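Report on one structure; see the data block that follows.
The values are calculated or read from the model by the stated rules, or taken from the named source; none is laboratory data. These numbers were taken from a predicted model, which means no experiment stands behind them. Cβ placement follows ideal geometry from the backbone for every residue including glycine, while neighbour counts extend to all protein chains displayed.
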Amino acid sequence: MVAKNRKTRKIITSTAKLIATVLVVAFLISKLGWGTIVDTVSGANPLWIAVGCVVFLVSGLLGVVQWRLLLTNRGLNIPFARAFKLYFVGMFFNNFIMGGIVGDAVKVASIRSQDGKGKVGFAATVLDRFAGLWAMCGFAIIGSLILLSRGMLTHGRVTTAVIALFAAFTLFAGIMLFLICKPLQSLFFTITEKFAFCRKLRVKEILSEMLIEAQDYKLLAAVAALAALTQFLRIGVHVLTAASLGLLTVENFQYFFIFVPIIAMLMTIPLPFGVREAAGGTLFSLAGFPREAAFIMGFLASLIGILVSLLGGIFFVTGKIYKSEK
């Protein structure tokens with residue numbers, strides 16, 4: 001009965017998200033005009049789009065290296081080929097199933113079923129996602145500083161977005177400090193162990209898998225470098241999309257380092273397809289980008305990610321991701 005109710009809720013939730021997706025896309029088409037969308041997309045430079053696909057693919061490869069490094073550090077050493085398949089399957093689900101964490105769950109589930117180390121897979125995947133968001137926040141601060149130095153941070157809503165990113169960066173920095181600082185960990189676990197529901201949820205056991213030894217400088221340096229390069233390339237995909245539409249200028253490039261991280265944060269929330277893209281289009285239009293082109297730019301960038309992640313769909317359909325390749 002419980003399983004049946006769970007399945008029913010899942011169907012209702014998926015249906016609601018699908019309906020929301022259709023409504024959002026339909027609303028944007030009605031607001032922008034189908035003719036405007038076709039004219040803008042047809043005018044895009046296919047060379048920049050192709051380069052964007054290559055850049056996204058390279059960022060995915062670097063993401064595989066980073067995730068596998070974290071798995072190895074947690075005590076699970078899987079072959080690169082299997083890590084590659086699992087990572088791209090995760091990207092496939094994150095792009096096609098309406099929500100940015102479904103793919104992460106698929107990766108963890110595969111590791112749990114094949115290797116019996118679900119907590120290790122969960123810890124490495126969360127750390128992988130956290131490192132990416134932390135790097136994105138770093139780039140956002142750089143972009144914000146460029147705006148400040150140019151005296152361009154005048155629009156109220158843009159200023160609010162920048163302040164929110166600074167707050168997010170501070171939060172992520174605090175989490176990083178907790179992950180490597182034993183006194184903070186001891187204090188936190190002492191408090192949480194006093195609550196029965198924390199013990200029931202095995203908070204200490206799960207979080208302990210995610211802790212990083214402060215003296216493990218090589219791991220921290222490698223993950224930081226990989227995360228920075230990976231997210232730089234992800235931002236680059238949006239920059240190349242803008243270039244394909246003739247929107248990129250010397251005066252507006254810094255906005256990509258501010259707004260793309262906001263979009264990345266929204267991707268951690270199970271929102272319908274189109275909501276994140278619409279939010280990104282709104283932010284870029286507030287920064288002075290042509291309104292119609294700003295929305296279309298966001299959708300084109302998402303389509304590049306969807307196109308490349310189809311590789312993960314092929315891996316999933318073949319079912320070979322569940323075979324331990326040793």
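Below, the figures for the structure above:
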read-out	value
Inter-residue pairs, beta-carbon under 6 Å, first farther than 16 Å from R82 by Cα and in the stretch 307-318, second surrounded by 20 or more Cβ atoms within 10 Å (Cβ to Cβ), 6+ apart	V308/F56
Residues located in the stretch 268-294, provided they are of a type in the set (F, W, Y) and at pLDDT 85 or above	F284, F289
Any chance V308 is over 28 Å from I146 (Cα atoms) and in a helix (DSSP H, G or I)	yes
Tally, over the stretch 47-81, of residues that are closer than 19 Å to A123 by Cα, surrounded by fewer than 22 Cβ atoms within 10 Å (Cβ to Cβ) and not aliphatic (A, V, I, L, M)	7
Selection count, the stretch 147-161, where residues are modelled with pLDDT of 60 or more and surrounded by fewer than 16 Cβ atoms within 10 Å (Cβ to Cβ)	6
